[in-house]
Amino acid sequence: MRLLLVEDDVMLASGIKLGLCGAGYAVDWVGSAERAEEVLAGESFDAAIFDIGLPGIDGLELTRRLRGRGLAMPMLILTARDALEDRVQGLDLGADDYMAKPFELPELLARLRALLRRSQATTSAVLGFGPLKLDSANRQASANGQLIELGPREWTVMEYLLVHAPKPASKEKLLAALTGWDKEITPNAIEVYISRLRGKLEPHGVGLRSIRGFGDRLELVGTPPIGTGGAASK
Ligand code: CA
(Lines give C-alpha, C1' and ligand atoms only; values in the text may rest on other atoms or scores of the structure.)
Protein backbone atom coordinates (compact mmCIF):
# COMPACT_ATOMS: atom_id res chain seq x y z
CA MET A 1 0.00 0.00 0.00
CA ARG A 2 1.35 3.36 -0.99
CA LEU A 3 0.49 6.50 0.97
CA LEU A 4 0.98 10.19 0.31
CA LEU A 5 1.74 12.34 3.35
CA VAL A 6 1.32 16.10 2.99
CA GLU A 7 2.75 17.84 6.04
CA ASP A 8 4.97 20.92 6.28
CA ASP A 9 6.17 20.27 9.83
CA VAL A 10 9.39 18.35 9.22
CA MET A 11 9.60 16.79 12.68
CA LEU A 12 6.00 15.64 12.68
CA ALA A 13 6.23 14.42 9.10
CA SER A 14 9.32 12.33 9.70
CA GLY A 15 7.74 10.85 12.83
CA ILE A 16 4.56 9.90 10.96
CA LYS A 17 6.52 8.62 7.99
CA LEU A 18 8.69 6.46 10.22
CA GLY A 19 5.62 5.03 11.95
CA LEU A 20 3.82 4.31 8.69
CA CYS A 21 6.88 2.73 7.08
CA GLY A 22 7.33 0.64 10.21
CA ALA A 23 3.80 -0.62 9.70
CA GLY A 24 4.69 -1.72 6.18
CA TYR A 25 3.37 1.17 4.09
CA ALA A 26 5.33 2.83 1.32
CA VAL A 27 5.18 6.55 2.09
CA ASP A 28 5.89 9.54 -0.13
CA TRP A 29 6.11 12.77 1.78
CA VAL A 30 5.66 16.28 0.36
CA GLY A 31 5.59 19.57 2.26
CA SER A 32 2.92 21.49 0.37
CA ALA A 33 -0.44 21.07 -1.31
CA GLU A 34 1.04 22.38 -4.57
CA ARG A 35 3.65 19.64 -4.56
CA ALA A 36 0.99 17.08 -3.63
CA GLU A 37 -1.05 18.02 -6.68
CA GLU A 38 1.96 17.63 -8.93
CA VAL A 39 2.74 14.20 -7.56
CA LEU A 40 -0.89 13.08 -7.76
CA ALA A 41 -1.10 14.18 -11.38
CA GLY A 42 1.29 11.44 -12.40
CA GLU A 43 1.13 8.82 -9.70
CA SER A 44 -1.48 6.99 -7.76
CA PHE A 45 -1.69 6.27 -4.06
CA ASP A 46 -3.90 4.00 -2.00
CA ALA A 47 -4.61 6.76 0.51
CA ALA A 48 -3.44 10.24 1.48
CA ILE A 49 -2.94 12.08 4.76
CA PHE A 50 -3.18 15.88 4.58
CA ASP A 51 -2.32 18.37 7.26
CA ILE A 52 -4.82 21.24 7.09
CA GLY A 53 -2.31 23.92 8.07
CA LEU A 54 0.02 24.09 5.06
CA PRO A 55 1.88 26.99 3.48
CA GLY A 56 0.06 28.23 0.37
CA ILE A 57 -2.97 26.12 -0.47
CA ASP A 58 -4.26 24.51 2.74
CA GLY A 59 -5.34 20.93 3.28
CA LEU A 60 -9.04 21.77 2.97
CA GLU A 61 -8.61 23.39 -0.42
CA LEU A 62 -6.42 20.47 -1.49
CA THR A 63 -9.19 18.05 -0.52
CA ARG A 64 -11.74 20.11 -2.44
CA ARG A 65 -9.58 20.28 -5.57
CA LEU A 66 -8.74 16.60 -5.61
CA ARG A 67 -12.33 15.52 -5.11
CA GLY A 68 -13.31 18.03 -7.80
CA ARG A 69 -10.94 16.22 -10.12
CA GLY A 70 -12.72 12.98 -9.32
CA LEU A 71 -9.92 11.43 -7.31
CA ALA A 72 -11.49 8.66 -5.24
CA MET A 73 -8.53 7.77 -3.03
CA PRO A 74 -9.26 7.77 0.72
CA MET A 75 -8.16 11.02 2.34
CA LEU A 76 -7.52 11.58 6.02
CA ILE A 77 -6.98 15.10 7.31
CA LEU A 78 -4.92 16.20 10.30
CA THR A 79 -6.50 19.04 12.27
CA ALA A 80 -5.73 21.01 15.39
CA ARG A 81 -7.25 19.55 18.54
CA ASP A 82 -10.03 22.13 18.92
CA ALA A 83 -10.68 22.98 15.27
CA LEU A 84 -14.18 21.53 15.04
CA GLU A 85 -15.00 23.78 12.11
CA ASP A 86 -12.03 22.44 10.12
CA ARG A 87 -13.08 18.86 10.73
CA VAL A 88 -16.65 19.50 9.66
CA GLN A 89 -15.53 21.42 6.59
CA GLY A 90 -12.94 18.77 5.74
CA LEU A 91 -15.48 15.98 5.87
CA ASP A 92 -17.96 18.06 3.87
CA LEU A 93 -15.32 18.67 1.22
CA GLY A 94 -14.77 14.96 0.80
CA ALA A 95 -12.21 13.87 3.38
CA ASP A 96 -13.01 10.39 4.67
CA ASP A 97 -11.73 10.82 8.21
CA TYR A 98 -9.66 13.10 10.41
CA MET A 99 -7.19 12.91 13.27
CA ALA A 100 -6.87 15.74 15.77
CA LYS A 101 -3.27 16.60 16.62
CA PRO A 102 -1.56 15.43 18.74
CA PHE A 103 -2.51 11.81 18.14
CA GLU A 104 -1.12 8.40 18.86
CA LEU A 105 0.34 6.41 15.99
CA PRO A 106 -1.67 3.22 16.71
CA GLU A 107 -4.89 5.19 16.27
CA LEU A 108 -3.73 6.67 12.97
CA LEU A 109 -2.80 3.18 11.79
CA ALA A 110 -6.16 1.75 12.83
CA ARG A 111 -8.04 4.53 11.04
CA LEU A 112 -5.96 4.04 7.91
CA ARG A 113 -6.64 0.32 7.92
CA ALA A 114 -10.37 1.02 8.22
CA LEU A 115 -10.25 3.53 5.34
CA LEU A 116 -8.27 1.18 3.14
CA ARG A 117 -10.60 -1.72 3.86
CA ARG A 118 -13.58 0.38 2.87
CA SER A 119 -11.96 1.75 -0.27
CA GLN A 120 -10.65 -1.61 -1.46
CA ALA A 121 -14.16 -3.02 -1.09
CA THR A 122 -15.74 -0.23 -3.08
CA THR A 123 -13.03 0.79 -5.50
CA SER A 124 -11.54 -2.60 -6.32
CA ALA A 125 -14.27 -2.74 -8.96
CA VAL A 126 -12.44 -3.39 -12.21
CA LEU A 127 -13.18 -0.95 -15.00
CA GLY A 128 -13.96 -2.65 -18.28
CA PHE A 129 -14.66 -1.97 -21.92
CA GLY A 130 -15.07 -4.91 -24.28
CA PRO A 131 -12.08 -7.18 -23.68
CA LEU A 132 -10.27 -4.40 -21.83
CA LYS A 133 -9.92 -4.49 -18.04
CA LEU A 134 -8.35 -1.95 -15.74
CA ASP A 135 -7.83 -3.21 -12.21
CA SER A 136 -7.13 -0.12 -10.12
CA ALA A 137 -6.53 -2.00 -6.88
CA ASN A 138 -3.70 -4.02 -8.44
CA ARG A 139 -2.83 -1.40 -11.03
CA GLN A 140 -3.07 -3.86 -13.84
CA ALA A 141 -4.38 -3.33 -17.34
CA SER A 142 -5.25 -6.35 -19.45
CA ALA A 143 -7.22 -7.47 -22.47
CA ASN A 144 -8.37 -11.03 -22.97
CA GLY A 145 -6.22 -11.95 -19.99
CA GLN A 146 -3.03 -10.51 -21.53
CA LEU A 147 -1.32 -7.80 -19.51
CA ILE A 148 -0.88 -4.41 -21.14
CA GLU A 149 2.06 -2.33 -19.91
CA LEU A 150 1.01 1.27 -19.28
CA GLY A 151 3.11 4.19 -18.07
CA PRO A 152 1.60 6.27 -15.22
CA ARG A 153 0.23 8.95 -17.51
CA GLU A 154 -1.03 6.44 -20.07
CA TRP A 155 -2.79 4.78 -17.15
CA THR A 156 -4.47 8.04 -16.16
CA VAL A 157 -5.62 8.70 -19.74
CA MET A 158 -6.92 5.14 -20.04
CA GLU A 159 -8.73 5.37 -16.72
CA TYR A 160 -10.39 8.60 -17.76
CA LEU A 161 -11.48 7.14 -21.10
CA LEU A 162 -12.86 4.02 -19.42
CA VAL A 163 -14.74 5.90 -16.73
CA HIS A 164 -16.36 8.10 -19.38
CA ALA A 165 -16.83 5.53 -22.16
CA PRO A 166 -18.49 5.59 -24.58
CA LYS A 167 -18.36 9.38 -24.41
CA PRO A 168 -15.36 11.05 -26.01
CA ALA A 169 -12.80 12.76 -23.78
CA SER A 170 -11.59 16.16 -24.91
CA LYS A 171 -7.93 17.12 -24.75
CA GLU A 172 -8.77 19.74 -22.14
CA LYS A 173 -10.39 17.11 -19.92
CA LEU A 174 -7.49 14.72 -20.33
CA LEU A 175 -5.04 17.50 -19.68
CA ALA A 176 -6.88 18.38 -16.49
CA ALA A 177 -7.00 14.74 -15.41
CA LEU A 178 -3.27 14.47 -15.97
CA THR A 179 -1.90 17.69 -14.72
CA GLY A 180 -3.89 19.41 -12.04
CA TRP A 181 -1.74 22.50 -11.67
CA ASP A 182 1.37 21.05 -13.16
CA LYS A 183 1.97 23.02 -16.34
CA GLU A 184 4.53 20.66 -17.80
CA ILE A 185 2.12 18.66 -19.92
CA THR A 186 1.08 20.15 -23.23
CA PRO A 187 -1.78 19.22 -25.56
CA ASN A 188 0.89 17.74 -27.82
CA ALA A 189 1.90 15.39 -25.02
CA ILE A 190 -1.72 14.23 -24.79
CA GLU A 191 -1.55 13.36 -28.49
CA VAL A 192 1.48 11.25 -27.74
CA TYR A 193 -0.24 9.36 -24.92
CA ILE A 194 -3.33 8.81 -27.06
CA SER A 195 -1.27 7.54 -29.93
CA ARG A 196 0.73 5.19 -27.69
CA LEU A 197 -2.48 3.87 -26.15
CA ARG A 198 -3.95 3.38 -29.59
CA GLY A 199 -0.93 1.26 -30.51
CA LYS A 200 -1.28 -0.81 -27.35
CA LEU A 201 -5.05 -1.31 -27.58
CA GLU A 202 -5.60 -2.00 -31.26
CA PRO A 203 -4.01 -5.46 -31.22
CA HIS A 204 -6.67 -6.36 -28.63
CA GLY A 205 -9.61 -5.16 -30.71
CA VAL A 206 -10.14 -1.86 -28.95
CA GLY A 207 -9.75 1.36 -30.89
CA LEU A 208 -9.42 4.99 -29.97
CA ARG A 209 -11.52 7.03 -32.32
CA SER A 210 -11.02 10.75 -32.67
CA ILE A 211 -14.24 12.69 -33.03
CA ARG A 212 -13.49 16.09 -34.33
CA GLY A 213 -14.39 18.85 -31.89
CA PHE A 214 -15.19 16.35 -29.14
CA GLY A 215 -12.09 14.34 -28.46
CA ASP A 216 -11.17 10.69 -28.36
CA ARG A 217 -13.24 7.77 -27.25
CA LEU A 218 -12.89 4.04 -26.86
CA GLU A 219 -14.50 1.91 -29.50
CA LEU A 220 -14.56 -1.77 -30.26
CA VAL A 221 -12.77 -2.22 -33.56
CA GLY A 222 -15.04 -3.40 -36.33
CA THR A 223 -18.27 -2.12 -34.80
CA PRO A 224 -20.13 0.82 -36.33
CA PRO A 225 -19.94 4.07 -34.36
CA ILE A 226 -22.94 4.56 -32.11
CA GLY A 227 -24.39 7.72 -30.69
CA THR A 228 -22.02 10.15 -32.31
CA GLY A 229 -25.05 11.81 -33.89
CA GLY A 230 -24.42 14.86 -36.05
CA ALA A 231 -21.05 15.40 -34.47
CA ALA A 232 -19.26 12.77 -36.52
CA SER A 233 -21.12 13.40 -39.75
CA LYS A 234 -19.30 16.60 -40.56
CA1 CA B 1 1.25 22.26 9.38
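Kindly express, to the nearest 10 degrees and within the range 0 to 90, the angle between helix 187-201's C-alpha long axis and the longest C-alpha principal axis of the chain.
Helix 187-201 sits roughly 70 degrees off the main axis of the chain.
Restricting to Cα pairs below 8 Å that are 6+ residues apart, what does the relative contact order work out to for the chain? Please round to a whole percent. Present the calculation step by step, with values, prior to reporting the outcome.
On the way: 354 pairs, mean separation 33.1, N = 234.
Computed value for the chain: 14 percent relative contact order.
Around Ala80, under 11 Å between beta carbons, what's the net of Lys plus Arg minus Asp minus Glu among the other residues?
Working: positive: Arg81, Arg87, Lys101; negative: Asp51, Asp82, Glu85, Asp86.
Every neighbour counted, the sum reads -1.
Count the net charge of all other residues whose Cβ sits under 10 Å from the Cβ of Lys17, scoring Lys and Arg as +1 and Asp and Glu as -1.
The answer is -2.
Which of Tyr98, Cys21, Leu116 sits farthest toward the positive end of the charge dipole of region 2-119, with +1 on the Cβ of Lys and Arg and -1 on the Cβ of Asp and Glu?
Checking the options against the dipole of region 2-119, the answer is Leu116.
Treating the beta-carbon of each Lys and Arg as +1 and of each Asp and Glu as -1, no other charges, what is the dipole magnitude of region 126-220 about its Cα centre, to the nearest 20 debye?
Values: 13 positive and 11 negative charges, 42 e Å.
I would put it at about 200 debye.
Among rounded, prolate and oblate, which fits region 2-119 when a ≥ b ≥ c are the square roots of the eigenvalues of its C-alpha gyration tensor, a/c under 1.5 means rounded, and a/b larger than b/c means prolate? Write out the running numbers ahead of the final one.
Values: a/c = 1.20, a/b = 1.08, b/c = 1.11.
In terms of gyration-tensor shape, rounded.
Quote the accessible area belonging to Lys173 in square angstrom, nearest 10, computed with a 1.4 Å probe and with ligands, DNA and RNA left uncounted.
For Lys173, the solvent-accessible surface is approximately 110 Å².
What length, rounded to one decimal in nm, is gained on full extension from Ser170 through to Phe214, with 0.36 nm per residue of separation minus their alpha-carbon distance?
Working: separation 44, 0.36 × 44 = 15.84 nm, distance 0.56 nm.
This chain segment gains 15.3 nm when fully extended.
Summarise the accessible area of region 126-220 (1.4 Å probe, protein heavy atoms) by the percent that is carbon and sulfur.
Details: 2560 of 4940 Å².
After summing per-atom areas, the C and S share lands at 52 percent.
What percentage of the solvent-accessible surface of region 61-115, computed with a 1.4 Å probe over protein heavy atoms, is contributed by carbon and sulfur atoms? Walk me through the numbers before you get to the answer.
Working: 1420 of 2770 Å².
Ligands and nucleic acids excluded, carbon and sulfur give 51 percent.
For region 126-220, what does the accessible surface come to per residue with a 1.4 Å probe? Please give it in Å². All intermediate terms of the calculation are to be shown ahead of the outcome.
Working: 4940 Å² over 95 residues.
Solvent-accessible surface per residue comes out at 52 Å².
Going by a ≥ b ≥ c, the root eigenvalues of the Cα gyration tensor, does region 12-65 fall in the rounded group (a/c under 1.5), the prolate group (a/b larger than b/c) or the oblate group? Could you put the intermediate results ahead of the total?
Working: a/c = 2.22, a/b = 1.44, b/c = 1.55.
Oblate shape, in that a/c is at least 1.5 and b/c is the bigger or equal ratio.
Can you tell me how region 58-109 classifies by the Cα gyration tensor, rounded, prolate or oblate, using a/c under 1.5 as the rounded cut? Could you put the intermediate results ahead of the total?
On the way: a/c = 2.67, a/b = 1.50, b/c = 1.78.
Judged from the Cα gyration tensor, region 58-109 comes out oblate (a/c at least 1.5, b/c at or above a/b).
What does the charge count near Asp216 come to, summing +1 for each Lys or Arg and -1 for each Asp or Glu among other residues with Cβ under 15 Å from its Cβ?
Values: positive: Arg153, Lys167, Lys171, Lys173, Arg196, Arg198, Lys200, Arg209, Arg212, Arg217; negative: Glu154, Glu159, Glu172, Glu191, Glu202, Glu219.
Net of charged neighbours comes to +4.
With every protein chain in place, what's the accessible area of Ser195 (1.4 Å probe, Å², nearest 10)?
70 Å²
What longest range of the chain stays clear of loop-exposed GluC sites (Glu not before Pro) (DSSP non-H/G/I/E/B, at most 16 other C-beta within 10 angstrom)?
On the way: sites that count: Glu43, Glu104, Glu149, Glu184.
Longest stretch, sites excluded: 44-103.
Of the DSSP beta bridges with both residues in the chain, give the percent that are antiparallel, rounding to the nearest 5. Don't skip to the answer; put the middle values down first.
On the way: 17 of 35 bridges.
For the chain, the DSSP antiparallel bridge percentage is about 50.
Among the aspartates and glutamates, which have Cα under 15 Å from the Cα of Lys133 when same-chain residues fewer than 8 positions away are ignored?
Reachable aspartates and glutamates: Glu149, Glu154, Glu159, Glu202, Glu219.
The values are calculated or read from the model by the stated rules, or taken from the named source; none is laboratory data. This structure is a prediction, so every number in the text was calculated from the model and none was measured. Reconstructed Cβ throughout: ideal geometry from the backbone, glycine too, with neighbour counts over all protein chains shown. To get the accessible areas, we keep the full protein, side chains included, count just its heavy atoms, and leave off ligands, DNA and RNA. Shrake-Rupley method; radii C 1.70, N 1.55, O 1.52, S 1.80 Å.
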